[in-house]
1. With the condition kept exactly as written, say whether any residue in segment 157-172 is within 22 Å of F342 (Cα to Cα) and modelled with pLDDT of 95 or more.
2. Please give the number of the condition A260 fails out of (1) under 17 Å from the mean Cα position of the chain (by Cα); (2) crowded, with 22+ Cβ neighbours inside 10 Å; (3) small (G, A, S).
3. For segment 174-192, which residues satisfy the criterion of being within 19 Å of A59 (Cβ to Cβ), open to solvent by less than 30 Å² (accessible area, probe 1.4 Å) and either within 11 Å of the ligand (Cβ to nearest atom) or within 11 Å of the chain's Cα centre (by Cα) (or both)?
4. Go through (1) without any contact (Cβ under 8 Å) to a residue 12 or more places away in the chain; (2) within 16 Å of the ligand (Cβ to nearest atom) for G61 and report which single condition fails.
5. Could you grab me the full set of residues in segment 193-209 that are more than 16 Å from the chain's Cα centre (by Cα) and within 16 Å of the ligand (Cβ to nearest atom)?
6. Between a residue in segment 156-169 that is over 20 Å from D207 (Cα atoms) and any residue that is open to solvent by 10 Å² or more (accessible area, probe 1.4 Å) and within 8 Å of the ligand (Cβ to nearest atom), which pairs come within a Cβ distance under 9 Å, given they are 6 or more apart or on different chains?
7. Name every residue in segment 96-144 that is part of a strand (DSSP E or B), under 19 Å from L65 (Cβ atoms) and open to solvent by less than 40 Å² (accessible area, probe 1.4 Å), in order of residue number.
8. Looking at this structure, is F87 within 15 Å of the ligand (Cβ to nearest atom) and either open to solvent by 20 Å² or more (accessible area, probe 1.4 Å) or assigned to a loop (DSSP other than H, G, I, E, B) (or both)?
Amino acid sequence: MDTVPQLDLKAQYATLREEMAQALSAVLDSQYFVLGPTVERFEAEMSAYLGGAHAIGCASGTDALILSLAALDIGPGHEVVTSPFTFFATASCAYKVGARPVFVDVEAETLQIDPAKVEAAIGPKTRALLPVHLFGQCCDMDAMLAIGARRKLPVVEDACQALSAQYLGQDGKPHQAGTMGATGTYSFFPSKNLGGYGDGGLIATGDDALAVRLRKLRVHGAETRYHHLEVGWNSRLDALQAAVLSVKLKRLDAWSAARARNADRYDHLLADSGLIATGKVRPLGRAQYSTHIFHQYTVRVAGRDRMAEHLRTRGIGHAIYYPVPLHLQECFRDLGYREGAFPVAEQAAREVLSLPMYPELTPAQQERVVEELGAAAKAA
Ligand SMILES: *Cc1c(COP(=O)(O)O)cnc(C)c1O
């Protein structure tokens, strides 16, 4: 019985081994490990990739979010409007600067934040909108930016799952995810589409003053060494990660294209299997206004937990992103949300299943996945 992992980083590493050894060895020879020339080179490459935005490396995607809110002077007494259906850090960053997340429900088709619900959540304490580009495609940024402009609120884009996705907006030009708001945040956690060999993150901004502030905030708020005008963080990208990421960035577009091909193949295999026609498996919708780089290939299934258990016994990798919407997390109890507050997100949490997805995934592996989904649906 052939097993299929949800993510296979070894398959990617096999294609990079020698170039990676050289890149890491160069850092070891330099003995310059935190920020410094290797990080500066990677930041310049990211800036070019992102169409000229300032690119500021930091210790993680979570820190990129926290630093963004801090640089926008968001703190105690303030609120940040965001999605309840995302990775924890999208909302915890507000807590970490002393502010509160305020949630709005997601769209049923794509599970992206629903712009139609945003305005009602804005109040006198609101200081930012924090949409996330979930699973590798953009949310409706024209709508989010329009609300931000109307209400004079900066938009912080959580692009941690969407680096290399392009937003196809009303202006007719493609925009890299994370480059449209006041800041955009990226994560280089190993399982992300551009993954380091440890933690890492980056902030993009087109605003010169914000960039200067962010560069200070990541080094304890120091203006020059040992002279602090404000208290910042220790949140720096290290040179070993930057060296790894420089090797990988050159391949990112090809990897994104391979993921999209694999997603198309899943679509066809699922359609041919009859699982879509019978409604047993429903892939999430693709937005017209975004390309999709398939950080995850996620479907909705009835009887999800039984389905997942079947896949587990058959050695088919899968993941549940996300089983508990953020408004129902124990740690956010004091926000006062109840079950039923966000029905679309709550139903998604019961139905979503993410299938194996990575560039090197083979057609035969994908056939195995769909075969076992079919077997599980029949058994149900
Ligand atoms: C991964 C992720 C983060 C956090 O990134 P880390 O580098 O793990 O801190 C934030 N938001 C989203 C949507 C993510 O997927």
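1. Taking segment 157-172 first, the residues within 22 Å of F342 (Cα to Cα) are 157-158.
Then drop every residue that is not modelled with pLDDT of 95 or more, which leaves 157-158.
The answer is yes; a qualifying residue exists.
2. (2)
3. In the first step, residues of segment 174-192 are kept if they are within 19 Å of A59 (Cβ to Cβ); the result is 178, 183-192.
Checking the rest, the ones that are also open to solvent by less than 30 Å² (accessible area, probe 1.4 Å) come to 178, 183-188.
Passing the criteria: G178, G184, T185, Y186, S187, F188.
4. (1)
5. Start the filter on segment 193-209 by keeping residues that are more than 16 Å from the chain's Cα centre (by Cα), which leaves 197-198, 205-209.
Scanning segment 193-209 gives Y197, G198.
6. Q161/F87; Q161/S187; Q161/K192; Q161/H295; A162/H295; A165/H295
7. To start, the set of residues in segment 96-144 that are part of a strand (DSSP E or B) comprises 100-103, 106, 113, 126-130, 132, 137.
From the residues that got through so far, the ones that are under 19 Å from L65 (Cβ atoms) too are 100-103, 106, 113, 126-130, 132.
Matches in segment 96-144: P101, V102, F103, V106, I113, T126, A128, L129, L130, V132.
8. Numbers: within 15 Å of the ligand (Cβ to nearest atom): yes; either open to solvent by 20 Å² or more (accessible area, probe 1.4 Å) or assigned to a loop (DSSP other than H, G, I, E, B) (or both): yes.
The answer is yes for F87.
The values are calculated or read from the model by the stated rules, or taken from the named source; none is laboratory data. Small disclaimer: the values here were computed from a predicted structure and weren't measured. Note: ideal-geometry Cβ built from the backbone for every residue, glycine included; neighbour counts use all protein chains shown. Ligands, DNA and RNA are excluded from the accessible area calculation, which covers all protein heavy atoms including side chains. Shrake-Rupley method; radii C 1.70, N 1.55, O 1.52, S 1.80 Å.
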